[in-house]
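These notes concern the structure reproduced below.
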Amino acid sequence: MSAVHPASHPHLQRHFTHSRAFQGLVWLLALAALLAWGVAQAQHTGHGAAPAATKERKPRPQLGSGVAFAPDGSLWLAGVNEQGRLYLHSAQPQAQGWQWGTPRLLATGSDRISADGENRPKLLFGPQGLVLVAYTQPLDKPNTGWVRLLRSTDGGKTFAPPVTVHADRQVITHRFESLALDAQGALHTVWIDKRDLEAAPRVGNKPAYRGAAIYRNVSLDGGATFGPDTKVADHSCECCRIALAQGADGRVRAMWRHVFEPNVRDHAMAVLDVQGLRADTVRATEDGWRVDACPHHGPALAPAQAGFHAVWFGIREQGADSVPGVRYARLQPNGQPDPASVQRLPDDRAEHADVQAQGEHVAVVWRSTDRMTTTLKAWLSTDGGRHFTEKVLDQVEGENDFPRLVQHGNRMVVVWRNVKEVKVHDITF
């Protein structure tokens, strides 16, 4: 299945309405790329036009970052620098904003590190000085990787060497990991895995298995050791981030883009049991988006007083129209959506939203781009997500990461990284 990015192209959001038409567009783009490659090869080998000087395209900066508050209220960021090295950066609150210290490189050996928007490093603080940094190590074969983990037990002063989290060591996809602790302190690591796809029989030149799978394991000692790899669900989307949140019962839920039969890319939710048992999968969104592709646009999830708040990207059939967009809804504790709560964000260009909540206060943030300028926006509610007020928080030109919402006590901030700096905005309702 193709991995394409309609969510990153608002004009595609506005114009494609059916998967068949969308696939046709993908084929046209692929054909154009192939023709361009053929022209380049002809020039290089001396056939056709005379060789022309070509300017090598600068690779896109890897700005995907993990953000979290430390127990003392300082703000930490795990990211990758221009040399591809993993680092930690922390900031202290000041009267006039946040004061960032000097970045500190982490020892990761010869590992390459994925730091794009959907597959970024993750940062998690636990009890008794526990600090965890997870990342995907890309392998030589395309679209393959291992999930790696750095562990500190002294508040992040020192870290043990990185370890591979999963027992399976095939050179296949183990990517897009997420981490969360439940109320009992058990560490849940969840990732996208293609071992079942690789083992599936093929029909013609296509595998009989749809998409990838969601796998996970449990650590009862803060990431020092891990239980067996267990499957959460078959048939997930291949390249979307997985959202994790702890419910009112103290158990962790996972939400991901799922491939429902025959090929509907809506979202599913499951409870992550501490014993690692396979949970029932509940359908969490009802857009009915039929497309044979991955949009690289995963959901976000936050606990509510009763259930969860969720945001996601999809295309919903409304009468004769197909309406793309990022949507918000309240979910029941088991993941089933409250249909009356579903609202589309008030921005046709909204992408890669995040959500957090403090009681009845709910914040949704997203970026909106016209390909020249990217705007950071917020949607704020003081009544549990029933009504929202839109705010513009910032603008920037050039490459930038997806916005990250994090909170500590009554303080909530959005962290937004671009090629020049890391910006922090306090959320005020």
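Points worth noting:
- Screening Glu390 with (1) touching a strand residue (DSSP E or B) at 6+ places or on another chain (Cβ under 6 Å); (2) surrounded by 15 or more Cβ atoms within 10 Å (Cβ to Cβ); (3) not hydroxyl-bearing (Ser, Thr, Tyr) gives one miss only, at (2).
- Taking every residue in segment 272-299 that is under 18 Å from Val218 (Cα atoms) and pairing it with any residue that is open to solvent by 60 Å² or more (accessible area, probe 1.4 Å) and part of a loop (DSSP other than H, G, I, E, B), at least 6 positions away or on another chain, the pairs with Cβ-Cβ distances below 9 Å are Leu272/Arg251; Asp273/Arg251; Val274/Gln184; Val274/Leu220; Val274/Arg251; Gly276/Pro228; Asp280/Asn334.
- Entry remark, segment 75-101: residues being touching a strand residue (DSSP E or B) at 6+ places or on another chain (Cβ under 8 Å) and open to solvent by 70 Å² or more (accessible area, probe 1.4 Å) number 3 in total.
- Candidate set from segment 279-306 (those that are open to solvent by 10 Å² or more (accessible area, probe 1.4 Å) and among the polar types (S, T, N, Q)); member that is nearest to Ala212 (Cα to Cα): Thr281
- If you filter segment 336-368 down to residues that are among the polar types (S, T, N, Q) and part of a strand (DSSP E or B), you find that the one that is nearest to the chain's Cα centre (by Cα) is Gln356.
- Here segment 171-207 is the region considered, the condition is being touching a residue at least 40 places away in the same chain (Cβ under 8 Å) and among the polar types (S, T, N, Q), and the residue that is most open to solvent (accessible area, probe 1.4 Å) is Gln184.
- Test for Arg371: is it open to solvent by 40 Å² or more (accessible area, probe 1.4 Å) and either outside any loop (DSSP other than H, G, I, E, B) or modelled with pLDDT under 95 (or both): yes
Yes/no matrix, rows are residues, columns are (1) under 21 Å from Gly145 (Cβ atoms); (2) part of a strand (DSSP E or B); (3) basic (Lys, Arg):
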position	(1), (2), (3)
Ala68	no, yes, no
Trp76	no, yes, no
Gly79	yes, yes, no
Gln83	yes, no, no
Pro93	no, yes, no
Thr102	no, no, no
Asp111	yes, no, no
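- Filter pass, Val323 being closer than 28 Å to Gly66 by Cβ and either open to solvent by less than 30 Å² (accessible area, probe 1.4 Å) or assigned to a strand (DSSP E or B) (or both): no
The values are calculated or read from the model by the stated rules, or taken from the named source; none is laboratory data. This structure is a prediction, so every number in the text was calculated from the model and none was measured. Positions of Cβ are backbone-derived with ideal geometry, glycine not excepted, and every protein chain shown enters the neighbour counts. Surface accessibility is based on the protein's heavy atoms, side chains included, excluding ligands, DNA and RNA. Shrake-Rupley method; radii C 1.70, N 1.55, O 1.52, S 1.80 Å.
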